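Inspection log for the structure reproduced underneath, given as structure tokens.
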Amino acid sequence: MSEDGAGTGAGPGPSTDEPPTRGRDDRVGTVFLVGSGPGDPDLLTVKAKRLIESADVVLHDKLPGPEILGEIPETKREDVGKRAGGEWTPQEYTNRRMVELAREGNRVVRLKGGDPFVFGRGGEEAEHLAEAGIPFEVVPGVTSAIAGPAVAGIPVTHRDHASSVSFVTGHEDPTKEESAVDWEALAATGGTVVVLMGVGKLPAYTAELRDAGLDGDTPVALVERATWPDMRVATGTLDTIVDVRDEAGIEPPAITVIGDVAATRDRVVTLLENAGSAPVRSASEAESTASEAESAEEGGADGSAGGDGA
């Protein structure tokens, strides 16, 4: 297609939500690889919301969040994430199911947390659909790698602290003979490192970064269930964050932010509010507040907080 717009009439108009494929079989439905953002329904894109509402079937995992999934009628959603017994649905099943449903003429939304192409296996699914001759469209979402830290008051870049950011998976393909993540190179960048799906392997990669020369006092934050109603944040350093995780009971899904930007949260958290919620506070901040309250009572203070402290 030329830059002057020639050929723009080849596909259907934008209201159809159908990709402009050539020679497609109209009896075959379309699959939409949709990013749902970090979990807050208000952070769904307009297009994502429209597609979810108009879909015949929504194949989803757990990461879109309870509020988003709760708005989808049970009759048209299928869970291809975690099943009973703690087992995960094999990717091969999800791939096969998308093709089956599309060949039956359905409009299929494959709903993922964050963005489908940021550690969401969206690339694999796109290749599978293409090989099977199934028309598909990618609908980007707000990636939790940026949104998670942001709602916790942590910018992944900052002119005073970090001019680069690296996104890393903490859960690589278990069939790999060795890790593809170069922790030594990441330690040398001087920028922010954001690890997704890295709660379980936190001890391993924090040790790797220390061994690579990253200072043990480097600030680290864990953001659990970012933008969900039960979101929690815990902060520490490269040396202490594993103990902080254990003491706070941080569980997946959570994002790890490593770098000086993680400490900027301390300067904004008292006034930070998101979507009308109360200020987000870390486990360490809660303990500090409890300690201050005990000291006030021992010193004869009335302990009244006023306003929301009632």
Probe 1.4 Å, all protein chains present, accessible-area order of V31, V46, largest first: V46, V31
When a/c reaches 1.5 or more, the comparison of a/b and b/c decides; with that in mind, is the range 115-261 rounded, prolate or oblate per its Cα gyration tensor? prolate
Nearest-10 value in Å² for the accessible area of D230, using the 1.4 Å probe: 80
Put a dot 7 Å past each Cα toward the Cβ at R96 and D260; how far apart are the dots in nm? 5.3
Which residues qualify? For F32, with a placed amide H closer than 5 Å and at least 5 residues away or on another chain, they are V108, V109, R110, E137
Once you put a point 7 Å from the Cα of E104 and another 7 Å from the Cα of D160, both along the Cβ direction, what distance in nm separates them? 5.7
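The values are calculated or read from the model by the stated rules, or taken from the named source; none is laboratory data. Worth saying up front: this structure is predicted, and the values here are computed from it rather than measured. All Cβ positions, even for glycine, are placed from backbone atoms using ideal geometry, and neighbour counts span all protein chains on display. SASA here: full protein model, heavy atoms, side chains in, ligands and nucleic acids out. Shrake-Rupley method; radii C 1.70, N 1.55, O 1.52, S 1.80 Å.
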